[in-house]
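Novice: The structure follows.
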Amino acid sequence: MRGGHAALTAALLIATACAPPPAGTGDPDATPGDAAAAMPRPDHGVLYYGSYGHDDDALVVGQPWLAGALIQVYWSELEPSEGSYQWAALDRRIDVWASAGKHAAVRVMWSTSGAWPDPRAKHPTPAWLLARGAGIAVHTGTATEVPLFWDPAYQAAARRFLAALEGHLATRPGVLFVDVTPGAETNPYRMGTLDDDPAFRTTFTAALASDGSRYDDARWGQALDDYLVAVATSPSAIPRVVTLNQGGLLGAPSRLGTIGDRAVGLGMWVGQNGLRGDSYATEAASARWWGWAAQAPLCFEMSAATGGEVGTMAEVVAAARRVRASFLNTYAVDVLRATPGTATYDPAWAAALAEAAATLGAP
């Protein structure tokens, strides 16, 4: 037990030395912009998954082993009418982290699941674009409007929106990266949520885009590639991340390797959601990711909060290190479990995240 406490203390000291000061320290007259400008964009670290219902409060923001947060945004909320953007709520969340000298990553949620607690997830696409005729498939069980990402009307408007978002974020302090992943983690819709209803596959593949086209695997693959090239050829000083998945409907051959090679070749970062303690246990499972890690940072996210098949926080951190991840996006409940002063505080969770802060991104 004595050795365990010593290891915890050492890990926390290392993480504190590597991290920016928590909120409320430093120059009392500094603005969010001053704080972020004084700290370069980190090349590794632990991120707080600031999803629905988990606000960016001082207790979390002040943790020394957090490099920042990942914030999800909905197109329908940010562009409620064509060409009219509502950035204020997003800016406030970014500024909370910037004021502590930390960074915020922004994830665009193109395709979602209405089964999630966030009511915005039912309608990720702006109503004005649907009124114009962009195609969707509706999952009646959850009232989810699933966009047909390859639809030319959708594509043109989505690319304009992303350019506007990136242009705005370039004016904000402390933006770490933008997750620009096409579709739902390169899939056409949320596997594992909407795919729990086998009938939805038929609904989705029968839905018509504005040009009369329907889903097929070749069309989806081409849409992914066209989108990545279009985004990459649009200038931006902010790194872009593509979160990789199979790249098609379940049962089709996986395009994960092809999409990852393309994204990295275009100068983007890559990663994957779904990390568990038993992930990437062999060299064969990790080798592809190691190749990408040699060219760009890898951004991984836990598959769910710890427990059950996900394992402990220490096991998840070990998996992140095995796959050579640079960034680990962690669930809010696990960050709270690692935070002194909370009802769920566990020093083993604090030690694990402190170790991650100090060692992620290392060879």
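Novice: Among the residues of segment 170-213, count how many are in a loop (DSSP other than H, G, I, E, B) and either among the hydrophobic types (A, V, I, L, M, F, W, C) or in contact (Cβ under 8 Å) with a residue 40 or more places away in the chain (or both). Before you say what the answer is, go through the steps one by one.
Specialist: Keep residues of segment 170-213 that are in a loop (DSSP other than H, G, I, E, B), which gives 170-174, 180-183, 185-186, 188-193, 197-198, 207-213.
Next cut, either among the hydrophobic types (A, V, I, L, M, F, W, C) or in contact (Cβ under 8 Å) with a residue 40 or more places away in the chain (or both) only: 170, 172-174, 180-183, 185-186, 188-191, 193, 197, 207-211, 213.
Qualifying residue count, segment 170-213: 22.
Every residue, every condition in (1) part of a helix (DSSP H, G or I); (2) among the charged types (D, E, K, R); (3) under 16 Å from residue 63 (Cα atoms), yes or no:
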| residue | (1), (2), (3) |
| --- | --- |
| 306 | no, no, no |
| 309 | yes, yes, no |
| 320 | yes, no, no |
| 330 | no, no, yes |
| 336 | yes, no, yes |
| 339 | no, no, yes |
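Novice: Then there's this: May I ask you to verify whether residue 100 is in a strand (DSSP E or B) and small (Gly, Ala, Ser)? Steps first, answer last, please.
Specialist: Numbers: in a strand (DSSP E or B): no; small (Gly, Ala, Ser): yes.
The answer is no for residue 100.
Novice: Which of the residues that make up segment 115-145 are closer than 14 Å to residue 204 by Cβ and either assigned to a loop (DSSP other than H, G, I, E, B) or within 19 Å of the chain's Cα centre (by Cα) (or both)?
Specialist: Looking only at segment 115-145, we keep the residues that are closer than 14 Å to residue 204 by Cβ, and these are 135-142, 144-145.
Correct list: 135, 140, 141, 142.
Novice: Restricting segment 143-173 to residues that are aliphatic (A, V, I, L, M) and closer than 26 Å to residue 329 by Cβ, which is modelled with the lowest pLDDT? First the steps, then the outcome.
Specialist: Quick first cut of segment 143-173, residues aliphatic (A, V, I, L, M) only: 143, 146, 148, 153, 156-158, 162-165, 169-170.
Now drop any that are not closer than 26 Å to residue 329 by Cβ, which leaves 146, 158, 162-165, 169-170.
Working: 146: 97, 158: 97, 162: 97, 163: 97, 164: 97, 165: 98, 169: 96, 170: 93.
Only one residue fits best here, namely 170.
Novice: At pLDDT 95 or above, closer than 17 Å to residue 44 by Cβ, of a type in the set (A, V, I, L, M, F, W, C) and surrounded by fewer than 20 Cβ atoms within 10 Å (Cβ to Cβ), is that true of residue 305? Break it down stepwise before answering.
Specialist: Details: at pLDDT 95 or above: yes; closer than 17 Å to residue 44 by Cβ: no; of a type in the set (A, V, I, L, M, F, W, C): yes; surrounded by fewer than 20 Cβ atoms within 10 Å (Cβ to Cβ): yes.
No: the conditions fail for residue 305.
Novice: So, in segment 38-75, how many residues would count as being crowded, with 18+ Cβ neighbours inside 10 Å and part of a helix (DSSP H, G or I)?
Specialist: Of the residues in segment 38-75, 3 are crowded, with 18+ Cβ neighbours inside 10 Å and part of a helix (DSSP H, G or I).
Novice: Give the residues of segment 250-292 that are β-branched (Val, Ile, Thr) and either surrounded by 17 or more Cβ atoms within 10 Å (Cβ to Cβ) or in contact with a strand residue (DSSP E or B) (Cβ under 8 Å, 6 or more places away or on another chain) (or both), sorted by residue number. Give the derivation first.
Specialist: Going through segment 250-292, the residues β-branched (Val, Ile, Thr) turn out to be 258-259, 264, 270, 282.
Matches in segment 250-292: 259, 264, 270.
Novice: In addition: Can you work out which of the residues in segment 174-200 that are modelled with pLDDT of 95 or more and within 11 Å of residue 250 (Cβ to Cβ) is surrounded by the most Cβ atoms within 10 Å (Cβ to Cβ)?
Specialist: If we take residues in segment 174-200 being modelled with pLDDT of 95 or more and within 11 Å of residue 250 (Cβ to Cβ), then 188 is surrounded by the most Cβ atoms within 10 Å (Cβ to Cβ).
Novice: Would you be able to say whether some residue in segment 161-172 is among the hydroxyl-bearing types (Ser, Thr, Tyr), surrounded by fewer than 20 Cβ atoms within 10 Å (Cβ to Cβ) and under 19 Å from residue 79 (Cα atoms)? Show your work before the answer.
Specialist: Initially, segment 161-172 is screened for residues among the hydroxyl-bearing types (Ser, Thr, Tyr), giving 171.
Those left that are additionally surrounded by fewer than 20 Cβ atoms within 10 Å (Cβ to Cβ): 171.
Of the ones still in play, those that are also under 19 Å from residue 79 (Cα atoms) are 171.
Yes, the conditions are met somewhere in segment 161-172.
Novice: Now for a separate question. Select from segment 214-264 the residues that are among the acidic types (Asp, Glu) and outside any loop (DSSP other than H, G, I, E, B) and write down the one among them that is nearest to residue 189 (Cα to Cα). Spell out the reasoning first.
Specialist: Restricting attention to segment 214-264, the residues satisfying the condition of being among the acidic types (Asp, Glu) are 216-217, 225-226, 261.
So of that shortlist, the ones also outside any loop (DSSP other than H, G, I, E, B) come out as 217, 225-226, 261.
Values: 217: 13, 225: 17, 226: 18, 261: 22 Å.
Checked segment 214-264; the qualifying residue nearest to residue 189 (Cα to Cα) is 217.
Novice: I need the full set of residues from segment 86-115 which are farther than 22 Å from residue 57 by Cα, crowded, with 16+ Cβ neighbours inside 10 Å and either in contact with an Asp or Glu (Cβ under 6 Å, 6 or more places away or on another chain) or of a type outside the set (A, V, I, L, M) (or both), in order please.
Specialist: Once the filter is applied, which keeps residues that are farther than 22 Å from residue 57 by Cα, crowded, with 16+ Cβ neighbours inside 10 Å and either in contact with an Asp or Glu (Cβ under 6 Å, 6 or more places away or on another chain) or of a type outside the set (A, V, I, L, M) (or both), segment 86-115 yields 110, 111, 112, 113, 114.
Novice: Ok, one more. What is the one condition in (1) on the phi < 0 side of the Ramachandran plot; (2) surrounded by fewer than 16 Cβ atoms within 10 Å (Cβ to Cβ) that residue 143 does not satisfy?
Specialist: Result: residue 143 fails condition (1) only.
Novice: For segment 201-224, which residues satisfy the criterion of being under 23 Å from residue 272 (Cβ atoms) and exposed (fewer than 14 other Cβ atoms within 10 Å of the Cβ)?
Specialist: Result: 222, single match.
Novice: Further question on the same structure: Looking at the structure I just gave you, is residue 35 modelled with pLDDT under 95 and either among the hydroxyl-bearing types (Ser, Thr, Tyr) or assigned to a helix (DSSP H, G or I) (or both)?
Specialist: Values: modelled with pLDDT under 95: yes; either among the hydroxyl-bearing types (Ser, Thr, Tyr) or assigned to a helix (DSSP H, G or I) (or both): yes.
Judged against the criteria, residue 35 is a match.
Novice: Can I ask one more? Given the conditions (1) farther than 26 Å from residue 222 by Cα; (2) touching a Leu at 6+ places or on another chain (Cβ under 6 Å); (3) polar (S, T, N, Q), and given that residue 272 satisfies all but one, which numbered condition is not satisfied?
Specialist: That leaves (1) as the condition not met.
The values are calculated or read from the model by the stated rules, or taken from the named source; none is laboratory data. From a predicted model like this one, the values you see are computed outputs, not experimental measurements. Don't worry about glycine lacking a Cβ; one is built from the backbone with ideal geometry, like all the others, and counts go over all protein chains shown.
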